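The values are calculated or read from the model by the stated rules, or taken from the named source; none is laboratory data. Just so it is clear, the model here is predicted, and its values are computed rather than measured. FYI the Cβ positions are ideal-geometry reconstructions off the backbone, even for glycines, and counts take in every protein chain you see. We work out accessible area using only protein heavy atoms, side chains counted, and drop any ligands, DNA or RNA first. Shrake-Rupley method; radii C 1.70, N 1.55, O 1.52, S 1.80 Å.
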Amino acid sequence: MDLSGQDLGGFGSGRVVFEGPASFEGSTFTGRFDSTDLVFNGPADFTGATFADRFALDNVVFNGPALFAHATFEHRSTIRNTVFRAEATFRDASFARYTRFVEAEFEGETWFQQVSFHGDVLFDGVTFRSRARLTRALFEGAASLTLDAPLTDFSLSTFRRRARIEVADRTLKCDRTVFESGVRLTSSGPAEIVLHDVHFGAPSAIAAAPATITEYRPADRPRLLSVLGTDLTGLTLSSVDLSRCSFAGAHNLHQLAVEDWNSWGHTPRALWVTRRIALADERRFRARTGSARRRRRWAIPGDDQDAAVSGNIQGDYHALRRMHEEAKDEPAVTEFYYGEMEMRRIGLWQEFRVRLRERWWRGVTATLGEWLLVSLYWLLSGYGVRVWRALTALAVVIVTTSAALVQWGFPGAPLAYGDAVRFSVRAATSLLRGTDVPLTPAGEWIELVLRLLAPLLLALALLAVRSRVRR
């Protein structure tokens, strides 16, 4: 059936089956297009058609391609309980008023490229069996989208009013997408979300669906994978998995808000690795440098080997520490401070090696001195946040100085080791008061070293306790 370029007035039908191609290309429907129980077994071509009055499809099946490219919908449009078994194309279509897609099912490739929604739009319970491309789309009215697709792509799309988007457990990609009035994006499953150069014009939120939060199923939380080039000002993340997220190229990271402590990834479980929060960028960086054993230890299981790595991981830790400082979350501040100092120590060592190759001796000396200072700070107290390291270092100092005193510290017959330990403990806890036990010159030097080191290590232990108990 070929009715191309015709002025057809209205269109209404009950149970009708189109066996062959049905072409309405360039046609104008001046009356209502209200169809129920239609079946198109061949291609249905509405390219460039104009629907001047209400447009409605209810319980319609397109077994062949459904082509609505360049179509103009001048009144309200409703597509309900409709199945598109092949390709569905809405390229450059224009919807002038309220548009609803309710319980529609798209089994083939779906194209909404450069579509303009000038009124409010509702996607309610829409299922895409294949990719859904809503790229370069313009949403001028309120947008409420509930989608289920393997990949939903909103690249280069613009939402003029606040949008509500709900996805299932697949992939959502936003590349240079503009949400002028903000967005609330929720996921009912472990959807993978990619934000590249996204603009949030107003406070926005990404969160797990309420049912997921209530039942606390960590495996079902949405995963944010990348925020490359995105300004994170005003963005709030709630119950979002950040264990694989790269913050490379993100702007205003300190103004991000993360509401869930369990969102972050951690260091691998190993005897010589401190258990703490670790950004995915740090783990990827460590997994690509060093020995093969360290690479295996730090690699994220199942991670993309070509995933981007931030070039300023220390700065990312610093920004996230500022974020938690503003929220008065001291335990989190401690975790991100440790990560910041770790990347600083590693960075100093790399800088030292570069300057050594360049034979810039003054820079080599300065960098090596700073690296040694930071490394001692790490070794003795875990940057002032690990109590057990400072107390262990203090115990080692007391045990060592006690052995030295037994050997060289006391004149005449040496004291027993237990007496030397008591002497060392008393000297370590009395900063100004001298001891009443005679010492050799070597013993006096040992006592002096003990009196300098022990109070310092005690202070580091107290500092670490304070960082742990602050709220």
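List of remarks:
- Tally, over the stretch 313-342, of residues that are part of a loop (DSSP other than H, G, I, E, B) and within 16 Å of the chain's Cα centre (by Cα): 0
- Within the stretch 360-380, residues that are touching a residue at least 12 places away in the same chain (Cβ under 8 Å) reach partners that are of a type in the set (S, T, Y) and surrounded by 12 or more Cβ atoms within 10 Å (Cβ to Cβ) with beta carbons closer than 6 Å, at six or more positions or on different chains, in the pairs Y377/Y383.
- Identity of the residue in the stretch 150-171, open to solvent by less than 40 Å² (accessible area, probe 1.4 Å), at pLDDT 90 or above and in a strand (DSSP E or B), that ends up nearest to R221 (Cα to Cα): I165
- Checking every residue in the stretch 447-457 against the condition of being among the acidic types (D, E), out of contact with any Lys or Arg (no Cβ under 9 Å at 6 or more places or on another chain) and open to solvent by 70 Å² or more (accessible area, probe 1.4 Å) gives zero matches.
- Residue match in the stretch 80-96 (condition: buried (at least 18 other Cβ atoms within 10 Å of the Cβ), small (G, A, S) and in contact with a Lys or Arg (Cβ under 8 Å, 6 or more places away or on another chain)): no
- In the stretch 97-129, residue farthest from T152 (Cα to Cα) [restricted to those that are buried (at least 19 other Cβ atoms within 10 Å of the Cβ) and among the aromatic types (F, W, Y)]: F117
- Residue count for the stretch 146-175, restricted to those that are within 16 Å of R136 (Cβ to Cβ) and of a type in the set (K, R): 2
- Residues of the stretch 268-285 that are among the β-branched types (V, I, T) and at pLDDT below 90: V273, T274.
- Residue match in the stretch 289-301 (condition: of a type in the set (S, T, N, Q), out of contact with any His (no Cβ under 8 Å at 6 or more places or on another chain) and open to solvent by less than 20 Å² (accessible area, probe 1.4 Å)): no
- Checking each residue in the stretch 82-115 for being over 30 Å from the mean Cα position of the chain (by Cα) and of a type in the set (S, T, N, Q) picks out T82, T89, S94, T99.
- Test: residue in the stretch 417-434 that is open to solvent by 20 Å² or more (accessible area, probe 1.4 Å), in a helix (DSSP H, G or I) and modelled with pLDDT of 90 or more: no
- Residues satisfying the stated conditions in the stretch 130-148, i.e. open to solvent by less than 10 Å² (accessible area, probe 1.4 Å) and in contact (Cβ under 8 Å) with a residue 24 or more places away in the chain: A132, A137, F139, G141, A143, L145, L147
- In the stretch 239-265, of all residues being open to solvent by 30 Å² or more (accessible area, probe 1.4 Å), within 16 Å of A327 (Cβ to Cβ) and part of a loop (DSSP other than H, G, I, E, B), the one that is modelled with the lowest pLDDT corresponds to E259.
- Criterion violated by P411 - all others in (1) out of contact with any Ser or Thr (no Cβ under 6 Å at 6 or more places or on another chain); (2) assigned to a loop (DSSP other than H, G, I, E, B); (3) over 22 Å from L462 (Cβ atoms) satisfied: (1)
- G189 falls short on exactly one of the conditions (1) part of a loop (DSSP other than H, G, I, E, B); (2) open to solvent by 40 Å² or more (accessible area, probe 1.4 Å), and that condition is (2).
- Candidates L376, L380, L372: the one that is of a type in the set (A, V, I, L, M), part of a helix (DSSP H, G or I), under 29 Å from L463 (Cα atoms) and touching a Leu at 6+ places or on another chain (Cβ under 8 Å) is L380.
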